[in-house]
Amino acid sequence: TPGAIAELDSLIGLHTVPDSLIAPTLRIRVLLGASEYQGETLIPFARRLLAIETDTLRRIEAKYLLLSAYEYAEKLDSALVLSEELIEYARTHRWGEKQFMFELERAQILGEMGRTAQSDGVVEEIFRKSSPDNGAADYLHMQLAMNALNSGNLSRAAKELAVADSFAVIFRNDDDTYYRSYSNLLRTM
């Protein structure tokens with residue numbers, strides 16, 4: 001991956017190539033950088049991608065990738081602003097599933113910012129809009145567990161993690177290493 005990123009960096013650094021030709025290369029570079037959890041390094045690339053994308057859906061994707069870069073760089077205020085823009089866009093365009101995803105992202109950012117009560121409120125609002133056993137209930141309860149842990153409420157954290165794990169068994173079985181990586185860490189703590 002580092003070699004591929006270096007090649008992509010050299011290609012997107014060419015100033016004589018029009019944006020229409022650079023966009024696909026830049027998109028791959030930003031996606032690879034996101035998979036490598038790059039933060040500060042990725043921000044200018046993601047900003048440039050957002051600026052040159054002309055397709056609406058690609059612009060939304062670029063905005064989400066920029067949000068991720070801000071998160072990795074711990075620029076949470078900027079990430080929060082972008083999450084709110086994405087939520088509003090999804091709401092006005094009736095993208096229920098995407099709105100739900102962006103709201104979960106907002107809850108995570110608020111939790112990372114130490115604003116656990118607000119994060120809990122976002123999760124509770126998601127549960128009010130959908131059923132308590134929606135397809136992401138495990139992730140939502142995990143967010144509540146992280147918020148409780150960060151607030152020092154270990155009993156609530158353990159309870160929420162147990163609920164999250166029970167939903168994960170139903171929804172994910174043992175197939176979701178992403179979920180397990182977080183739940184195992186929380187359980188250990």
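The values are calculated or read from the model by the stated rules, or taken from the named source; none is laboratory data. Only a predicted model underlies this, so the values are computations on that prediction, with no experimental measurement involved. Heads up, the Cβs are rebuilt from the backbone with ideal geometry, glycines too, and the neighbour counts pull from every protein chain shown. The area values use the complete protein model at the heavy-atom level, side chains included, leaving out ligands, DNA and RNA. Shrake-Rupley method; radii C 1.70, N 1.55, O 1.52, S 1.80 Å.
What is the local net charge at Ile170, summed over the other residues whose Cβ is closer than 9 Å to its Cβ (Lys, Arg +1; Asp, Glu -1)?
Result for the neighbourhood of Ile170: -1.
Which value, in Å to one decimal place, does the Kirkwood hydrodynamic radius take for the stretch 1-82 when every pair of different Cα atoms is included?
When all Cα pairs of the stretch 1-82 are included, the Kirkwood radius is 12.6 Å.
Mean residue ellipticity at 222 nm from the helices of the chain, using -39,500 (n - 2.57) per DSSP H segment of n ≥ 4 over the full residue count, to the nearest 500 deg cm²/dmol?
Mean residue ellipticity, 222 nm, calculated: -25500 deg cm²/dmol.
For the stretch 131-189, what does the convex hull of the Cα positions come to per residue, in cubic angstrom?
66
Find the percent of Cα-Cα distances in the stretch 58-117 that exceed 16 Å, and round it to a whole number.
Summing the P(r) tail past 16 Å for the stretch 58-117 gives 37 percent.
Relative contact order of the stretch 21-84: what whole-number percent is it, with Cα pairs under 8 angstrom and at least 6 residues apart?
This gives 34 percent for the stretch 21-84.
Students sometimes get this wrong: rank Tyr179, Tyr37, Tyr89 by accessible area, probe 1.4 Å, all chains present, largest first.
Result, largest first: Tyr37, Tyr89, Tyr179.
Just to confirm my numbers, what's the Cα centroid distance between the stretch 157-189 and the stretch 89-143 in Å?
Taking the Cα centre of the stretch 89-143 as reference, the centre of the stretch 157-189 is 17 Å away.
Over the stretch 66-189, consider all pairs of different Cα atoms and compute the Kirkwood hydrodynamic radius from their mean reciprocal separation; express it in Å, one decimal.
Value: 14.8 Å, from the Cα pair sum.
Give the peptides 162-172, 77-87, 128-138, 98-108 in descending order of average Cβ contacts within 10 Å, highest first.
Per-residue mean Cβ counts within 10 Å order the peptides as 98-108, 77-87, 162-172, 128-138.
Give me the accessible area per residue for the stretch 1-153, probe 1.4 Å, as a whole number in Å².
About 51 Å² of surface per residue is accessible.
Angle between the Cα long axis of helix 56-72 and the longest principal axis of the chain, 0 to 90 degrees, nearest 10?
70
Near Val122, within a Cβ-to-Cβ distance under 13 Å, what is the net charge of the other residues, with Lys and Arg +1 and Asp and Glu -1?
Value of the local net charge: -3.
Could you please report the charge total around Gln99, scoring K, R as +1 and D, E as -1 over all other residues with beta-carbon less than 13 angstrom from its beta-carbon?
-2
Counting only protein heavy atoms and using a 1.4 Å probe, what share of the accessible area of the stretch 1-69 belongs to carbon plus sulfur, as a whole percent?
59
Calculate how steeply helix 154-171 sits against the longest principal axis of the alpha-carbon atoms of the chain, using the helix alpha-carbon long axis, and give the answer as 0 to 90 degrees to the nearest 10.
Around 70 degrees separate the two axes.
Where a Cα-Cα gap under 16 Å defines reach, which lysines qualify for Lys75, not counting those fewer than 8 residues away within the same chain?
Of all the lysines, those that pass the test against Lys75 - Cα under 16 Å, at least 8 places apart if same chain - are Lys63.
Of Met189, Met146, which has the most accessible area and how do the rest follow, probe 1.4 Å?
My answer, sorted largest first, is Met189, Met146.
Roughly speaking, what is the stretch gain from Phe127 to Asn184, that is 0.36 nm per residue apart minus the C-alpha to C-alpha distance, in nm to one decimal?
18.1 nm
How much solvent-accessible surface does Glu7 expose, in Å² to the nearest 10, with a 1.4 Å probe and all protein chains in place?
Result for Glu7: roughly 120 Å² accessible.
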